[in-house]
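First up is the structure itself, then whatever we jot down about it.
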Amino acid sequence: MKLLGSPTSPYVRKCRVTLAELGLADSVAFVVAPPTSDELIAVNPVMKVPALVLDNGDSLFDSRMIMRYLNEKAGGKLYPAGDWAMVRRESTAEGMIDASLLLRMETFARPEQFRWDGWIETQSKKINSVLDAMEAEVGTLGNVTGAAIGMACGLGYLDFRFADWGWRNGRPGLAKWFEGFSARASMQGSKHE
Ligand SMILES: N[C@@H](CCC(=O)N[C@@H](CS)C(=O)NCC(=O)O)C(=O)O
């Protein structure tokens, strides 16, 4: 199998952390392929990373689908059956990642004269809203699950692209949890470059 993606993508990082946590890292090659590359488009018409190319040539995309596939393949415990509260937390973390990417596009990629302050404000509000929600239920993030991986990669992306955000201020529980989770070999081995 091959995982196509970019080392700067939080969605790709989620899959890389998942591979490491499931002990599959050595059986899947990580191939750097930007969203507009021919190699990526050939396996994902949506032109987004990550994409997972299976040994039979089929491909899977959308990080949450890839994570579920890998978990099933490895007989892992990242998605305990019936744990819908964990799935909600996973979606919550995903919402923060989505908002962070939209904010990054608006504040970095879009030419300055076209930037939309209202959009920047809304995406920033979403990120803070998720951070507050997760601070309130950080105790439930304990085990290594799809939700924990999503949240850790979301926070890692904030540190990477929005280092001045100060998301730890007023959120001591989340900050402590992240410090612990970040020390895992899966996180250390997939740091953004
Ligand atoms: N829901 C998708 C989102 C993937 C995504 O947006 N990836 C970004 C990189 S961080 C990308 O490829 N962006 C290119 C584009 O949207 O044109 C997933 O979870 O895999």
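The values are calculated or read from the model by the stated rules, or taken from the named source; none is laboratory data. These numbers were taken from a predicted model, which means no experiment stands behind them. No Cβ is skipped: glycine too gets one built from the backbone with ideal geometry, and neighbour counts run over all protein chains shown. Each accessible area value is taken on the protein alone, full model and side chains, heavy atoms only, with ligands, DNA and RNA left out. Shrake-Rupley method; radii C 1.70, N 1.55, O 1.52, S 1.80 Å.
None of Lys48, Lys2 is at pLDDT 95 or above, more than 12 Å from the chain's Cα centre (by Cα) and within 23 Å of Asp159 (Cα to Cα) except Lys48. Restricting Gly139, Gly118 to those that are surrounded by fewer than 16 Cβ atoms within 10 Å (Cβ to Cβ), assigned to a helix (DSSP H, G or I) and in contact (Cβ under 8 Å) with a residue 12 or more places away in the chain reduces the list to Gly139.
Does any residue of segment 90-98 turn out to be of a type outside the set (S, T, N, Q), without any contact (Cβ under 8 Å) to a residue 40 or more places away in the chain and within 13 Å of the ligand (Cβ to nearest atom)? Yes - at least one qualifying residue is present in segment 90-98. When Leu40, Leu52 are checked against the criterion of being near the ligand (Cβ under 9 Å from one of its atoms), outside the structural domain of Leu103 (by TED's automatic domain parsing), open to solvent by less than 10 Å² (accessible area, probe 1.4 Å) and of a type in the set (A, V, I, L, M), Leu40 stands alone in meeting it. Set side by side, the residues Val32, Val46 differ, and just one is within 14 Å of the ligand (Cβ to nearest atom), closer than 19 Å to Met187 by Cα and open to solvent by 30 Å² or more (accessible area, probe 1.4 Å), which is Val32. Taking the listed residues Ala147, Ala133, Ala175, the one that is within 21 Å of Leu3 (Cα to Cα), outside the structural domain of Arg68 (by TED's automatic domain parsing) and in a helix (DSSP H, G or I) is Ala147, with no other qualifying.
The one condition from (1) under 15 Å from the mean Cα position of the chain (by Cα); (2) surrounded by fewer than 16 Cβ atoms within 10 Å (Cβ to Cβ); (3) within 19 Å of Met134 (Cα to Cα) that Ala85 does not meet is (1).
All of (1) more than 16 Å from the ligand (Cβ to nearest atom); (2) under 26 Å from Ala25 (Cβ atoms) hold for Leu78 with one exception: (1).
Among the residues of segment 4-27, those identified as more than 8 Å from the ligand (Cβ to nearest atom) and surrounded by fewer than 23 Cβ atoms within 10 Å (Cβ to Cβ) are Pro7, Ala20, Leu22, Gly23, Leu24, Ala25, Asp26, Ser27.
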